[in-house]
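The values are calculated or read from the model by the stated rules, or taken from the named source; none is laboratory data. Note that the coordinates shown come from a computational prediction; the quantities given were computed from them, not determined experimentally. We place every Cβ from the backbone using ideal geometry, glycine too, and count neighbours over all the protein chains shown.
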Amino acid sequence: MSHFLDPLLRPQSIAIVGATQRKEAVGSKVLKNLLEGEYPGNLYAVNPRYQEIDSVACYPSLSELPQAVEHVIFAVGDERIESALDEAIAHGIKAAIIFSSLVLKNDTTPLLLERIYLKVKQAGILLCGGNGMGFYNFRDSVLACGFATRSHRKQGNVTYISQSGSGMAGILDVDERIDFNFAVSTGQELIVSAEDYLDYALDQPETRVVGFFMETSRHPEKLIAAFNKAKARNIPIVVVKVGRTELAAELALSHSGAMTGSDAVYDAIFDRYGVQRVDDMDQLATALIMFAQPHPVQAGGIVTIHDSGGERQLIIDLADKLDAPLTKISDETTTALEALLEPGLPAVNPLDAWSIGGPDSDQIITDCFVTLLNDSDAALGAIVHDRGPHGHIFPEYIEYLHNGHDASGKPVFLVASRQGTGTDIKVIETTRDGFPVLDGVSAFLSGAKCMMAYRDFLDRPSIKAPILSQAVVTKWRSLLINKFALSENEASRFLSECGVPMTESRVVDNEKELLALVYELTYPVVMKTAVTGIEHKADVDGVRLNIQDESTLISAYYDLSHRLGDKVLIAPMINTPGIEMILGVARDEQFGPMIVMGIGGIYTELLHDIVLVVPPFDVTTACRCLDRLKMRKLLDGIRGKPGVDITAYCKAAVNLSVLAVEFKEQIKEVDINPIKVLEQGCMGLDALIVMNLENTEISNNRKVRRGI
């Protein structure tokens, strides 16, 4: 299958500008990698100092090559890169790699990086880099990297895309249990981006899983398209996404020149498209090994068997901390285990099957493992036995794996609490045979959780969001077209007509209107300032709650009108017991509108217990995402208090998600805080809508007047 990146990633010919015999230089290492990888195309060295390097013909310049080459690898410093690129453009290359950082001391504007970008862009060249390590296309024998690596096999099924150079080397160079078909250090992504490499990898028939060390997405629309392609082809993507903290985000910015998006937004994107997020490199490598094995995960949770009561207790604690689902075995499985175990060993999962040893111990462990795996709620299983002296694994451990898999067809793993200091070739061979040997219980549990989460993602029904009434859409688009701002009353009406339940309110502009309204009200009520420009009314003491009668109402009006202005809003006071939530729309610069769901009221900023969800979505999706709240159990009722109507809240969120997409050109933010969730139903008590002024005629007219 052809791909637009073919001239870059599997070129017919390559020239290395700056090739050299100096062994520690990049120009020597990249040539060595191509030769050892058995690059099948025409290969040339370019350096006026040599006639031949490692049996490869060397020429003084690109213009003196015997043929026009498709791809040039620049192994020169920043001082020489611009003139070398000019020569390559004149030569007519289609693709290139730049390793250097493209930074010069005492540079002139435009800076070198910008000059290189403009030249490459105008020439239509596919560029890997700069400031990267290149790539390894093991599948097609194009090892275009300027740094040393280990020996690799060509029949790999794992792709690794890293926006960190060391982030690539830290896994690719050191773990022989993973066989790669393609790996790339994306560098500055001046032309070809991580999203482009991901699209390429998903087109390769060998790709079973993709690992991604991610700082940011420079092309969100391409990222979403690639995630959709991965789902269509059942290829899981496992991501380490840096930038969770403010400091990490700042460092990512300075390191790569990329804008690091909100971490919560990335979580929402990953959840929507089934991307599995892990915390560190150990978890990433382990997850890649686990996904690369050929046996599909089945329904249910994790079963494990141990030769230590203490380590059995440890995995229970770790599984609880990581929220990794351990199988609750059936009564039939329990009875079968009791018949196998020696006295004193409880028939539970996780299972300690080791007592005093003896000639039958291996058979007991085998039979117990088979029994656990054959439980109807077992998705996968692990033998959790530590390695022996010098890091070796005992042959009988491998037999346990084969017997367990043969009897159940389920994925099985051999897990040690830690690796130890030695190595064992059997670890690599067994893993490559489809029976992974892993190090670290936490990393295993994280990987197992990823596998089961991806299984569940593939089983999710398609999202079926409702459609707004065309009459409502037409009406409000017309009303919003030149709106600089919406009052709370207008915002509430807009939301209510779009299916988000809101309290009905009245606005009065003066004392006369208030007095005319006094006898029409049903008490208690709430009064709020409605003066334009006051968005957060509580901050200016602009809210009066639980007003019970006319005299208190008038007194409250006098106070608010004298301090803040005449205009006020009056609405029913909802005293029915319930829980105050927040519901809103936030706009991300990269990915657009996101729906905010979470615990609200006065605790919003203190708890910050929210989730973001990509719109539009349906009730099933809303309820599933709501389960990620730290205080989710509060909604079901605690200490004798009844639960609240979660479904009603989720329906309101669904309708808001449709509104967010339908009116994304007009609406920037929505804040319904609080929305009170009752035993039956829910009701928004306060609403703030921020207009997207960039798309209004008001903004456009201002731009014209300013000459923008």
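Numbers at a glance
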| read-out | value |
| --- | --- |
| Count of residues meeting criterion [under 30 Å from LYS119 (Cβ atoms) and crowded, with 24+ Cβ neighbours inside 10 Å] in region 201-211 | 1 |
| Top-ranked residue of region 621-668 - restricted to ones that are acidic (Asp, Glu) and under 27 Å from MET691 (Cα atoms), ranked as surrounded by the fewest Cβ atoms within 10 Å (Cβ to Cβ) | GLU665 |
| Failed item, numbered, when ILE481 is tested on (1) at pLDDT 95 or above; (2) in the same structural domain as ALA648 (by TED's automatic domain parsing); (3) β-branched (Val, Ile, Thr) | (1) |
| Among the candidates GLY381, GLY422, GLY434, GLY404, residue that is in the same structural domain as THR327 (by TED's automatic domain parsing) and part of a helix (DSSP H, G or I) | GLY404 |
| Strands (runs of 3 or more DSSP E) wholly inside region 100-202 that include at least 3 residues being touching a residue at least 24 places away in the same chain (Cβ under 8 Å) and touching a Gly at 6+ places or on another chain (Cβ under 6 Å) | 142-145, 180-185 |
| Verdict on GLU520 being crowded, with 16+ Cβ neighbours inside 10 Å and among the acidic types (Asp, Glu) | no |
| Residue tally, condition closer than 20 Å to ILE305 by Cα and part of a helix (DSSP H, G or I), over region 439-461 | 11 |
| Residues (farther than 14 Å from MET214 by Cα and either aromatic (Phe, Trp, Tyr) or modelled with pLDDT under 95 (or both)) located in region 157-169 | ALA169 |
| Residue within region 15-36 that is within 21 Å of SER141 (Cα to Cα), of a type outside the set (Phe, Trp, Tyr) and touching a His at 6+ places or on another chain (Cβ under 8 Å) present | yes |
| Conditions (1) over 28 Å from LEU202 (Cα atoms); (2) part of a strand (DSSP E or B); (3) out of contact with any helix residue (DSSP H, G or I) (no Cβ under 6 Å at 6 or more places or on another chain); number of the one not met by ILE14 | (1) |
| Residue satisfying condition, being modelled with pLDDT of 95 or more, at positive phi and not assigned by TED's automatic domain parsing to the domain that holds ILE191, within set GLU38, GLU64, GLU70, GLU79 | GLU38 |
